[in-house]
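Trainee: Quick one: this structure, given as structure tokens, is what I'll be asking you about.
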Amino acid sequence: MSFISEDSISEIFTNCIKSRLIHQENDTSVIFYDFNQLANRISTLKAAFPDNTVHTSAIKANPIIKVLEKINELGLGVEAASEGELFLAKKSGFNSNQIVFDSPAKTRKEIEFAIESGIYINADSFMELERIHELNNLIKPLSRIGLRINPQVGYGTIAATSVGGDYSKFGVPLKEYRIEIIEAFLIYKWLSGIHMHIGSQGCSMQMLLNGFESGLQLITDIQLKTGNNIRFFDIGGGLPVSYHHDQNPPDINEYGTKIQELLKQYKLENLQLITEFGRYLHTNSGFTISKVEYVKQYIDSNTLIIHAGADLFLRECLNLGQWFHEFTLLDKNGKIKVSNSKIKYHIAGPLCFAGDIIARDIELPKADEGDYLVIHDTGAYTFGMWSKYVSRMFPKIIGITGKSFEIIRNRETPEDIYKFWSV
Ligand code: LLP
């Protein structure tokens with residue numbers, strides 16, 4: 001379901017054309033991001049969870065600097081999963097104590113940097129704990145270091161984004177290694193947290209809560225058996241959102257209430273929770289508009305060739321059918337096209353491979369060359385997964401705050417592309 005209505009999208013687009021923020025010849029695709037929607041999500045999130053929770057935004061979901069700066073201004077931290085993301089976090093103004101560092105491939109250098117700067121680290125394996133221990137002398141009493149476990153609560157509906165099944169490349173499997181996990185908290189006295197993340201989209205509320213409860217049971221066990229007074233429980237992200245009007249995702253308030261009940265039941269109200277949501281914060285705050293370059297009408301099929309394909313919508317193209325957005329057709333001036341009779345179109349991108357199709361059999365009014373297609377709910381994991389294949393230029397991003405618009409990232413130029421592939 002689109003949280004930004006078709007009417008306001010049409011109005012925003014028309015205004016941006018009129019005010020020349022959009023250059024219709026060059027801006028064949030434009031991404032929009034609504035800061036007020038983000039602020040709403042953040043306040044709902046804060047209200048749903050215990051007051052002492054530290055909320056972070058997963059940078060990979062939306063790494064645009066102006067968005068990170070806004071997140072900082074609104075009092076959230078960030079989850080970084082690479083050296084690059086750590087750098088983005090620092091440059092966007094986050095203090096070390098607002099940054100959580102996750103990644104299954106942390107180098108010794110990255111670990112040392114994180115410990116020295118006081119960044120929260122989640123170790124992904126026993127091997128990583130050993131590496132951290134080599135830097136024992138850098139660890140201070142206030143260092144915050146957690147261990148990621150895989151609670152093995154099952155796979156969600158989307159295999160490609162499920163990491164909480166029996167096998168996952170992330171975290172230590174809880175069923176097989178419970179004893180060793182507990183022992184680790186005995187050996188490494190500096191360990192002070194448990195981390196988990198079981199998947200992104202496709203996880204039911206029950207799965208998320210099962211994961212949460214198994215974390216609380218483990219924490220209770222560790223505290224009893226080792227005397228290690230675990231301070232942090234990082235529950236990752238994974239709250240699904242709706243991309244379609246008939247989808248009914250779990251409700252954040254219900255999730256927060258159940259979490260608070262479980263904390264009480266396990267007498268762990270003093271535990272500090274950390275969250276790392278990405279999709280929940282960003283998806284519904286963004287939309288993309290792309291020009292219809294060609295309308296291919298054949299006997300058996302109709303295809304719209306637009307300027308956004310697997311470069312911008314990698315997941316949608318790879319998991320066609322499991323992942324779909326809603327679409328609205330605008331005319332060349334940005335007015336919504338309406339018609340009682342609809343035509344089924346495949347929506348294809350500009351890249352040179354057969355899988356460059358973001359949706360099939362989408363019913364739309366009759367499309368014409370020069371129209372614009374709105375792809376709704378694109379604020380998370382779209383441009384964050386940008387692909388350089390075929391050297392397309394990254395589109396312009398326009399930030400919306402109420403009635404005002406500003407460019408928050410310029411469209412790439414041919415020179416930028418040249419630079420990317422140069423020495
Ligand atoms: N924390 C960790 C450790 C993660 O790996 C992720 C996402 C998150 C938090 C945020 O999860 P969220 O709240 O956004 O569901 N479109 C990508 C999604 C991969 C998700 C990666 N991890 C894909 O299609 O592969």
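Trainee: Please enumerate, by chain and number, the aspartates and glutamates with C-alpha under 19 Å from the C-alpha of Lys264, excluding those fewer than 8 residues away in the same chain.
Mentor: Of all the aspartates and glutamates, those that pass the test against Lys264 - Cα under 19 Å, at least 8 places apart if same chain - are Asp51, Glu213, Asp221, Asp234, Glu254.
Trainee: Between Ile139, Gln297, Leu281, whose Cα lies farthest towards the positive end of the dipole of the chain when Lys and Arg beta carbons carry +1 and Asp and Glu beta carbons carry -1, centred on the Cα centre?
Mentor: Result: Ile139.
Trainee: Further question on the same structure: Ranked by Cβ crowding within 10 angstrom, fewest neighbours first, how are Met127, Met385, Met196 ordered?
Mentor: On the way: Met127 8, Met385 17, Met196 28.
With the sparsest Cβ surroundings first, the list reads Met127, Met385, Met196.
Trainee: Once fully extended, how much extra length lies between Asn95 and Ile179, figured as 0.36 nm per residue of separation less the alpha-carbon to alpha-carbon distance?
Mentor: Full extension of this stretch gives 26.7 nm more.
Trainee: How high is the FRET efficiency from Tyr418 to Tyr266, r the C-beta distance, R0 41 Å, rounded to 0.05?
Mentor: 0.10
Trainee: Still on this structure, I have one more. Any chance you could give the angle, 0 to 90 degrees and rounded to 10, that helix 108-117 forms with the longest Cα principal axis of the chain?
Mentor: 80 degrees
Trainee: Leaving out same-chain residues fewer than 8 places away, which aspartates and glutamates sit with a Cα under 17 Å from that of Lys403?
Mentor: Candidates past the 8-residue exclusion: Glu6, Asp7, Glu11, Asp34.
Trainee: Could you tell me which of rounded, prolate or oblate describes the stretch 39-168, using a ≥ b ≥ c as the square roots of the eigenvalues of the alpha-carbon gyration tensor, with rounded for a/c under 1.5 and, failing that, prolate when a/b is larger than b/c and oblate otherwise?
Mentor: Numbers: a/c = 1.66, a/b = 1.10, b/c = 1.51.
Here the stretch 39-168 falls in the oblate category.
Trainee: Starting from the Cα-Cα distance between Asp368 and Ser301, subtract it from 0.36 nm times their residue separation and give me the gain in nm to one decimal.
Mentor: 22.6 nm
Trainee: So, counting K/R as plus one and D/E as minus one, what does the shell of residues with Cβ under 12 Å around Thr382 add up to?
Mentor: Numbers: positive: Lys60, Arg279, Arg315; negative: Asp311, Glu316, Asp377.
Around Thr382, the charge tally is 0.
Trainee: Put +1 on the Cβ of each Lys and Arg and -1 on the Cβ of each Asp and Glu in the chain; which of Asn36, Val163, Ser204 then has its Cα farthest toward the positive end of the dipole?
Mentor: The Cα lying farthest towards the positive end belongs to Asn36.
Trainee: Now for a separate question. Dipole of the stretch 339-389, Cα-centred, from +1 at each Lys and Arg C-beta and -1 at each Asp and Glu C-beta, to the nearest 20 debye?
Mentor: In debye, rounded to 20, the stretch 339-389 gives about 120.
Trainee: Then there's this: Could you give the C-alpha radius of gyration of the stretch 355-423 expressed as a fraction of 2.2 N^0.38 Å, taking N as the number of residues it contains?
Mentor: In units of the globular-protein estimate, the stretch 355-423 measures up at 1.41.
Trainee: What number in nm² do you get for the stretch 36-282 if you take the convex hull of its Cα atoms and divide its surface by four?
Mentor: 12.4 nm²
Trainee: I'd like to compare 408-417, 276-285, 370-379, 199-208: which one has the highest average count of other Cβ atoms within 10 Å, and what's the full order after that?
Mentor: The densest-packed peptide leads the list: 276-285, 370-379, 199-208, 408-417.
Trainee: If one puts a single equal scatterer on every Cα of the chain and applies the Debye formula without solvent, what log₁₀ I(q)/I(0) results at q = 0.08, 0.11, 0.12, 0.14 Å⁻¹?
Mentor: Here the Debye-derived log intensity ratios amount to -0.47, -0.85, -0.99, -1.25.
Trainee: Could you state the principal axis extents of the C-alpha atoms in the stretch 243-367, from the largest down, to the nearest angstrom?
Mentor: Sorted largest first, the three principal extents are 66, 34, 27 Å.
Trainee: May I pose another question? Starting from the 7 Å offset along Cα-to-Cβ, what nm value, one decimal, do you get for the label separation of Phe324 and Glu130?
Mentor: Roughly 4.9 nm, to one decimal.
Trainee: Please get the size of the charge dipole for the stretch 36-282, origin at its Cα centre, with Cβ charges of +1 on Lys and Arg and -1 on Asp and Glu, quoted in debye to the nearest 20.
Mentor: The dipole magnitude comes to about 340 debye.
Trainee: Longer than 18 Å from Cα to Cα, which of Lys60/Lys106; Lys106/Lys175; Lys296/Lys342; Lys291/Lys388 are they? Say none if no pair is.
Mentor: Checking Cα-Cα distances, Lys106/Lys175; Lys291/Lys388 exceed 18 Å.
Trainee: Oh, and also: With only Lys, Arg, Asp and Glu charged, each at its Cβ (+1 for the first two, -1 for the last two), find how big the charge dipole of the chain is about the Cα centre; round to the nearest 20 debye.
Mentor: Numbers: 43 positive and 50 negative charges, 103 e Å.
Once rounded to the nearest 20, the dipole reads 500 debye.
Trainee: With each pseudo-label sitting 7 Å past Cα toward Cβ, what's the Arg360-Lys169 distance in nm, one decimal?
Mentor: Using points 7 Å along Cα→Cβ, the separation is 2.8 nm.
Trainee: Among Ile59, Leu186, Ile119, whose Cα lies farthest out toward the positive end of the dipole of the stretch 36-282, if unit charges sit on the beta carbon of Lys, Arg (+1) and Asp, Glu (-1)?
Mentor: Result: Ile119.
Trainee: I've got another one for you. For labels at Ser242 and Glu116 in the simple 7 Å Cα→Cβ model, what's the distance in nm?
Mentor: Those two pseudo-labels are separated by 5.0 nm.
Trainee: Order these by the 10 Å Cβ neighbour count, fewest first: Leu142, Leu68.
Mentor: Leu142, Leu68
Trainee: Would you mind checking the tilt of helix 205-226 against the longest principal axis of the Cα atoms of the chain, expressed as 0 to 90 degrees and rounded to 10?
Mentor: 20 degrees
Trainee: Please arrange Asp234, Asp221 by how many other C-beta atoms lie within 10 Å of their C-beta, fewest to most. Write down the numbers at each step before the final one.
Mentor: Values: Asp234 26, Asp221 15.
Ranking Asp234, Asp221 by Cβ neighbours within 10 Å, fewest first, gives Asp221, Asp234.
Trainee: Net charge within 15 Å of Ile259 by Cβ-Cβ distance, Lys/Arg positive one each and Asp/Glu negative one each, not counting Ile259 itself?
Mentor: Values: positive: Lys46, Lys258, Lys264, Lys267; negative: Asp51, Glu213, Asp234, Asp251, Glu254, Glu261, Glu269, Glu276.
In short, -4.
Values in this text are rule-based calculations from the coordinates and carry no lab data. Since we're looking at a predicted model, the values are computed, not measured. Reconstructed Cβ throughout: ideal geometry from the backbone, glycine too, with neighbour counts over all protein chains shown.
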